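Participant: Right, I'll just put the structure down here and ask away after.
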Amino acid sequence: MGKRLFVSVDLDGLGDAVAAVQDLFADASGLNRIDPAQAHVTLFFLGDTDPDRIDEITAALDTAVAEAGVDPFTAEFGGLGVFPSLEYISVVWLGVDAGGDQLTALHEAVAPRLVELGFEPPDHEFTPHVTLARMEHAGGKDLVQAVVREQEPTAGRLRVEEIRLTESVLTDAGPEYQTVERFEL
């Protein structure tokens, strides 16, 4: 059985602020909110992975972090967006007001190293973001559109000193994320 893995920057300590942003959408039907305590920026999604490969993945991430040359930085989270468009919403996300350049640099260092190992390259351009909710059906679409157009919430700032290799464990209550390995900037 493989592990569902991804590379992330976790929003430790910002769970309450993320929940407050999610509350803007509290009345939107069809919107499935993520656990705010598990909020994160995904730098690369590896998917279902043989646990025997974790050593080579760890080595690749060590190299990538060194190559990225990104020092610890402060990220600020704010603003809202959706994928793929306001007409057809599948994901509602919180944006990155500061620190986006560093997050992008980390992604651009990590992605080629993991693609070299045979992982699927991303199928879209990297946009630093924090997933807030997924749209299961369009019942609350009008409300979501209005909030995204009219509100500019902020969710605070965070000192980013590491990236993590994270495992998503599917439970009856939804996914739970567990840190497999940490990589200091």
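Participant: Working only within the stretch 31-60, note down all residues that are without any contact (Cβ under 8 Å) to a residue 24 or more places away in the chain and either farther than 25 Å from GLY156 by Cα or part of a strand (DSSP E or B) (or both).
Facilitator: Across the stretch 31-60, the qualifying residues are ASP52, ASP55, ALA59.
Participant: Condition test on ALA20, is it outside any strand (DSSP E or B), surrounded by fewer than 18 Cβ atoms within 10 Å (Cβ to Cβ), without any contact (Cβ under 8 Å) to a residue 60 or more places away in the chain and of a type in the set (A, V, I, L, M, F, W, C)?
Facilitator: Judged against the criteria, ALA20 is not a match.
Participant: Is it the case, given these coordinates, that THR63 is in a helix (DSSP H, G or I) and either free of Cβ contacts under 8 Å to residues at least 12 places away in the same chain or touching an Asp or Glu at 6+ places or on another chain (Cβ under 6 Å) (or both)?
Facilitator: Answer is no for this residue.
Participant: Starting from the stretch 139-166, keep only residues that are at positive phi, then list their pairs with residues that are part of a loop (DSSP other than H, G, I, E, B) whose Cβ atoms are within a distance under 6 Å, requiring at least 6 positions of separation or different chains.
Facilitator: Here the result reads GLY156/LEU14, each pair linking the stretch 139-166 to a residue that is part of a loop (DSSP other than H, G, I, E, B).
Participant: Using the structure shown, decide if LEU31 is surrounded by 12 or more Cβ atoms within 10 Å (Cβ to Cβ) and modelled with pLDDT of 95 or more.
Facilitator: When the stated conditions are applied, LEU31 does not pass them.
Participant: Now, a different point. Which members of the stretch 107-150 meet the condition of being within 19 Å of LEU14 (Cα to Cα) and out of contact with any helix residue (DSSP H, G or I) (no Cβ under 6 Å at 6 or more places or on another chain)?
Facilitator: HIS129, VAL130, THR131, ALA133
Participant: While we're here: So, in the stretch 86-95, exactly how many residues are among the small types (Gly, Ala, Ser) and closer than 15 Å to ARG134 by Cβ?
Facilitator: The qualifying residues number 1.
Participant: Take ALA37 and tell me if it is surrounded by fewer than 19 Cβ atoms within 10 Å (Cβ to Cβ), at pLDDT below 95, of a type in the set (A, V, I, L, M, F, W, C) and within 18 Å of VAL130 (Cβ to Cβ).
Facilitator: In short, yes.
Participant: Looking only at the stretch 97-109, decide whether some residue is without any contact (Cβ under 8 Å) to a residue 12 or more places away in the chain and either part of a helix (DSSP H, G or I) or not hydrophobic (A, V, I, L, M, F, W, C) (or both).
Facilitator: yes
Participant: Could you please give the count of residues in the stretch 156-185 that are at pLDDT below 95 and in contact with a Pro (Cβ under 9 Å, 6 or more places away or on another chain)?
Facilitator: Residues meeting the conditions: 2.
Participant: So which residues in the stretch 62-81 are surrounded by 12 or more Cβ atoms within 10 Å (Cβ to Cβ) and either among the aromatic types (Phe, Trp, Tyr) or closer than 26 Å to LEU132 by Cβ (or both)?
Facilitator: Those that are surrounded by 12 or more Cβ atoms within 10 Å (Cβ to Cβ) and either among the aromatic types (Phe, Trp, Tyr) or closer than 26 Å to LEU132 by Cβ (or both): VAL70, PHE73, ALA75, GLU76, PHE77, GLY78, GLY79, LEU80, GLY81.
Participant: Which of (1) part of a strand (DSSP E or B); (2) at pLDDT 95 or above does VAL115 not meet, given it meets every other one?
Facilitator: Condition (1) is where VAL115 drops out.
Participant: Might you check whether a residue that is among the aliphatic types (A, V, I, L, M), over 27 Å from GLU56 (Cα atoms), touching a Phe, Trp or Tyr at 6+ places or on another chain (Cβ under 8 Å) and assigned to a strand (DSSP E or B) occurs anywhere in the stretch 135-146?
Facilitator: Checked the stretch 135-146: no residue is among the aliphatic types (A, V, I, L, M), over 27 Å from GLU56 (Cα atoms), touching a Phe, Trp or Tyr at 6+ places or on another chain (Cβ under 8 Å) and assigned to a strand (DSSP E or B).
Participant: Of the residues SER90, SER8, which is hydroxyl-bearing (Ser, Thr, Tyr) and surrounded by fewer than 17 Cβ atoms within 10 Å (Cβ to Cβ)?
Facilitator: None of the others qualify; the one that does is SER90.
The values are calculated or read from the model by the stated rules, or taken from the named source; none is laboratory data. What you see is a predicted model, and the numbers here were worked out from it, not measured in a lab. Cβ coordinates were reconstructed from backbone atoms using ideal geometry, including for glycine residues, and neighbour counts include every protein chain displayed.
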